[in-house]
Amino acid sequence: MKFSFSPWAGLFCATVFLTSGCVNLIDPLGPIGKGPEPRPPVAKPQLKEKFAWGFSTSSYQYEDPAVKPGEADYFQTDWDIFADEGKVPPKGNALYSWTHFDKDLEALKKSGVTHYRFSIEWARVEPKPGVYNEAAIRGYAAMARKLKEAGIEPVVCLWHFTFPAWLYDKKNPGQSNWLHPTVRERWNVYVEKMVKATAPYTKYYAPQNEPNGQITTAYLVGQWPPGMDLAFGHYWKAIDASTGMFRDAAARIKKIKPSALVVSVEALPWWERAPLDPGGLIYNTMIHGNVDHLDRIYDVCDILGINYYYSQAPGPLSLLAEPYRHGPNFTMMGWTINPDGLYKEIQRVAKRYGKPMMITENGIATKDDKKRIWYIQNHLAAIGRAIRDGYDVRGYFSWSLADNYEWHYGYEAKFGLSHMNPETYVREPKPSMGWFKDIIRGHRTVGSVPSIQPSTDE
């Protein structure tokens, strides 16, 4: 799942572009990126049978480690180190999805979804440099196989925010993770192993999840490993490294399975101009955050994934006010609910890149399940409108199957359409799950704004 800017993040990012001399105050999509000329959308009919309906999840947010210190396959991630240092909430065993994947599969079968995006924990597969856990490799392949046998298309994500701890050097954060001297070499071996293992059952591969947001949060805001503040040079190096590794992965996927489809997954909020943003500096910076990574990898992708949760006018006042915003138009974390922003983001991606799209994440943190239904319905209506207008949107993935660990929010943010029974590990559905199943069955994504309104502010 998704990253979120701290109140100061936009101002930090603006400083990056000012300092680097890269901001174009007239055209926010100016020459800094390597994107193509805008292209018209390809006309498409309304939704067909093959429209992808799914859930998105991640290994770290769902899986229990299932190993203890001293065991041969013991592993840690960079996020575990951050948690040990008290910089982020501890994860514990999350939803036990490694040892109880059958509970996820059972819930997925009942939900009616056609696709399921899950990620592979690199550290579990390679707990030490060059040392591979063959049982873990077989375990992930078995997940893909079981999904396929159940009639659910697996979408395998090869990296979702976390790195093996051996790539994280606390004493030298500038040579950690994306910037570790051996990361690209080790990445390519890891990718090849996992694609070969899962290829018999997998059609869709996402090499990386939201690298654009993760790099911003890790190198400019300091909230995520390696925890660097305003590290402008390292930010750009990480963008270059991640795009190079993405392209490496795409090439290996196609070599091993030419029929596979490569999916990008980028964090793409809808940014609007704020009144206290002279020259549109912060706004333009945020736009660059949306496109700078995607500009460098779109050409090796078959489908462009849009992770959309909110819109924001990134001026000083709105950024500072985010934690204090409550009410029917905000999530429990103060994110602005704006389904029309999703429609506009679909337009922008289509015109800039001219490729098929999927909404690879969309969801709301709320304790009010009626509000969740209201949120999803409105965003599905925006997608239906986009399809009617000729934009090639081929799927919708809800975040998420169950309430899960949410990075620096811990377990407070409730995104799930179900929750885990802590005694049986069963994913017990909320009313929104039954509603979503009915939507999938009827393929209803178009229509007017629903009459259901949220009953609480949370």
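Quick check, is G384 in contact with a Gly (Cβ under 9 Å, 6 or more places away or on another chain) and farther than 29 Å from L95 by Cα? Taking the combined requirement at face value, the residue satisfies it.
Among the residues making up segment 288-300, those that are out of contact with any strand residue (DSSP E or B) (no Cβ under 9 Å at 6 or more places or on another chain), part of a helix (DSSP H, G or I) and surrounded by 19 or more Cβ atoms within 10 Å (Cβ to Cβ) are H288, D295, R296. The test for being surrounded by fewer than 21 Cβ atoms within 10 Å (Cβ to Cβ) and either under 28 Å from A165 (Cα atoms) or not basic (K, R) (or both) does not hold for P225.
Among the residues of segment 413-443 satisfying the criterion of being part of a loop (DSSP other than H, G, I, E, B), charged (D, E, K, R) and touching a residue at least 12 places away in the same chain (Cβ under 8 Å), which is nearest to A52 (Cα to Cα)? Going through the qualifying residues, I end up with K430. Residues in segment 169-205 that are farther than 17 Å from T77 by Cβ and in contact with a His (Cβ under 9 Å, 6 or more places away or on another chain) were compared, and the one that is surrounded by the most Cβ atoms within 10 Å (Cβ to Cβ) is Y204.
So which residues in segment 203-233 are more than 22 Å from N188 (Cβ to Cβ) and not in a loop (DSSP other than H, G, I, E, B), if there are any at all? Of everything in segment 203-233, those that are more than 22 Å from N188 (Cβ to Cβ) and not in a loop (DSSP other than H, G, I, E, B) turn out to be G213, T216, T217, Y219, V221, D229, F232, G233.
The set of residues in segment 326-366 being assigned to a helix (DSSP H, G or I) and of a type in the set (K, R) consists of K344, R348, K351, R352.
Considered as a group, the residues in segment 304-320 that are assigned to a strand (DSSP E or B) and under 17 Å from D340 (Cα atoms) include one that is modelled with the lowest pLDDT, and that residue is Q312.
What's the total number of residues in segment 251-277 that are among the small types (G, A, S), without any contact (Cβ under 8 Å) to a residue 60 or more places away in the chain and not in a strand (DSSP E or B)? The qualifying residues number 3.
Quick check, is P226 of a type outside the set (S, T, N, Q), within 26 Å of A260 (Cα to Cα) and touching a residue at least 24 places away in the same chain (Cβ under 8 Å)? Even if it seems obvious, please write down each step before you answer.
Numbers: of a type outside the set (S, T, N, Q): yes; within 26 Å of A260 (Cα to Cα): no; touching a residue at least 24 places away in the same chain (Cβ under 8 Å): yes.
Considered against the rule, which asks whether it is of a type outside the set (S, T, N, Q), within 26 Å of A260 (Cα to Cα) and touching a residue at least 24 places away in the same chain (Cβ under 8 Å), P226 comes out as no.
Every residue, every condition in (1) part of a helix (DSSP H, G or I); (2) touching a Lys or Arg at 6+ places or on another chain (Cβ under 8 Å); (3) under 25 Å from G54 (Cβ atoms), yes or no:
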| site | (1), (2), (3) |
| --- | --- |
| K171 | no, no, no |
| P181 | no, no, no |
| W187 | yes, no, no |
| E192 | yes, yes, no |
| V195 | yes, yes, yes |
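Going by the structure shown, is W166 of a type in the set (A, V, I, L, M, F, W, C), surrounded by fewer than 23 Cβ atoms within 10 Å (Cβ to Cβ) and either at positive phi or over 21 Å from the mean Cα position of the chain (by Cα) (or both)? Here the answer is yes, as W166 does meet what is asked. With respect to the conditions (1) surrounded by fewer than 22 Cβ atoms within 10 Å (Cβ to Cβ); (2) in contact (Cβ under 8 Å) with a residue 60 or more places away in the chain; (3) over 20 Å from R394 (Cβ atoms); (4) in contact with a helix residue (DSSP H, G or I) (Cβ under 6 Å, 6 or more places away or on another chain), T285 lacks only one, and its number is (1). Here Y391 clears all of (1) crowded, with 22+ Cβ neighbours inside 10 Å; (2) part of a loop (DSSP other than H, G, I, E, B) except the condition numbered (1). Applying the set (1) closer than 25 Å to K193 by Cβ; (2) crowded, with 19+ Cβ neighbours inside 10 Å to D73 leaves exactly one unmet item: (2). Among helices (runs of 4 or more DSSP H) entirely within segment 58-120, having at least 2 residues that are over 13 Å from M143 (Cα atoms) and more than 20 Å from the chain's Cα centre (by Cα) singles out 78-84, 101-111.
Please go through segment 134-162 and give me each residue that is part of a loop (DSSP other than H, G, I, E, B) and surrounded by fewer than 20 Cβ atoms within 10 Å (Cβ to Cβ), ordered by number.
Our first condition is that a residue be part of a loop (DSSP other than H, G, I, E, B); within segment 134-162, this holds for 150-152, 158-162.
Result: A150, G151.
In this structure, I346 qualifies as of a type in the set (A, V, I, L, M, F, W, C) and closer than 21 Å to K50 by Cα.
Keeping to segment 109-133, report how many residues are buried (at least 21 other Cβ atoms within 10 Å of the Cβ) and out of contact with any Lys or Arg (no Cβ under 8 Å at 6 or more places or on another chain). Of the residues in that region, 12 qualify.
The values are calculated or read from the model by the stated rules, or taken from the named source; none is laboratory data. Just so it is clear, the model here is predicted, and its values are computed rather than measured. In this analysis, Cβ positions are derived from the backbone assuming ideal geometry, glycine residues included, and neighbour counts consider all displayed protein chains.
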